[in-house]
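I have placed the structure first, in the form of structure tokens, so that the comments after it can refer back to it.
What follows is calculated from the coordinates using simple rules that are stated; it is not laboratory data. Since the model is a prediction, treat every value here as computed from it, not as a measurement. Every residue, glycine as well, gets a Cβ built from its backbone with ideal geometry; the counts of neighbours run over all protein chains shown.
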Amino acid sequence: MRPWIKLAIEAGPLVVFFVVNGRDGLPELRNLWLPEGGTQMAEQGLFEATGAFMIATLVALVTGWVLERRLPVMPLVSGIFVVFFGGLTLVLADETFIKLKPTLVNTLFALILFGGLLTGRSLLKPLFGAAVQLTDQGWRKLTLRWAVFFVLLAVLNEIVWRNFTTDFWVSFKLFGIMPLTFLFAAAQTPLFLREQIEEPAAAEPPTPAD
């Protein structure tokens with residue numbers, strides 16, 4: 001998948017979530033979805049932002065599929081969680097569900113990667129092996145690092161949503177998690193350089209005899 005499409009799928013819905021929450025929600029969404037007893041959450045804008053987040057996520061996934069005819073596994077799984085936990089948030093008027101979503105998604109990714117390592121498999125290799133060639137040791141190291149990073153993201157999400165305001169948590173998702181992820185990915189460059197398998201040079205054609 002082209003990098004700009006992958007970035008749009010992952011970051012686009014978060015931008016929508018942040019903007020709608022920052023505008024204290026959208027009245028038309030509030031009138032459409034607000035259940036009885038959900039006034040406080042509507043005043044925060046989180047209820048409407050959750051609905052917009054779900055719609056933006058679905059639009060991003062459909063657009064990615066139309067353009068590329070395939071979807072990355074992680075954004076797809078994350079999108080399923082957004083729709084499920086966002087739906088629970090809207091139906092039950094309880095913001096806890098959408099706030100728990102990043103914790104559960106990152107924990108799931110970490111468990112899958114750790115489980116693969118325990119069974120002798122580096123599960124990042126089938127996902128990214130077509131884009132980069134690494135030694136088996138390189139794939140194991142990369143998989144372990146990402147598994148630990150996903151645990152860190154889950155812990156950070158728990159700390160932030162349980163101890164700070166909703167607006168801070170929403171901002172942290174866009175301006176905290178995204179930059180951290182990009183920085184972590186960039187920090188793996190030395191590993192790629194050390195463990196990358198060089199493709200053999202093409203043989204030169206024989207020189208014709210004079």
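Using the Cβ-Cβ distance between Arg121 and Met74 with R0 set to 25 Å, the FRET efficiency from 1/(1 + (r/R0)^6) comes to roughly 0.90.
The local environment of Arg121, defined by Cβ-Cβ distances under 11 Å, has a net charge of +1 under the rule Lys, Arg +1 and Asp, Glu -1. Simple point charges give the picture: +1 on the Cβ of Lys and Arg, -1 on the Cβ of Asp and Glu, and for the stretch 3-195 a dipole about the Cα centre of about 900 debye. Per-residue extension of 0.36 nm, minus the Cα-Cα distance of Val66 and Arg162, leaves a gain of 30.8 nm for this segment. Counting charges near Asn157 (Lys, Arg +1; Asp, Glu -1) among other residues having Cβ under 14 Å from its Cβ returns a value of +2. Once the cut-off is 15 Å, how many percent of the Cα-Cα pairs in the stretch 51-151 end up in the long-distance tail? Summing the P(r) tail past 15 Å for the stretch 51-151 gives 67 percent. Applying the Karplus relation 6.51 cos²θ - 1.76 cosθ + 1.60 with θ = phi - 60° to the stretch 48-55 yields 3J(HN,Hα) values of 5, 4, 5, x, 5, 4, 4, 5 Hz, where x marks Gly and Pro. Under Stokes-Einstein, with the Kirkwood radius over Cα pairs standing in for Rh, what whole-number D in µm²/s applies to the stretch 3-195 at 10 °C and 1.306 mPa s? Answer, rounded: 89 µm²/s.
Amide H contacts under 5 Å for Leu134: Ile197, restricted to partners 5 or more places along the chain or on a different chain, H placed in the peptide plane at 1.01 Å from N. With the simple model of a label 7 Å out from the Cα in the direction of the Cβ, Leu180 to Leu111 spans 2.0 nm.
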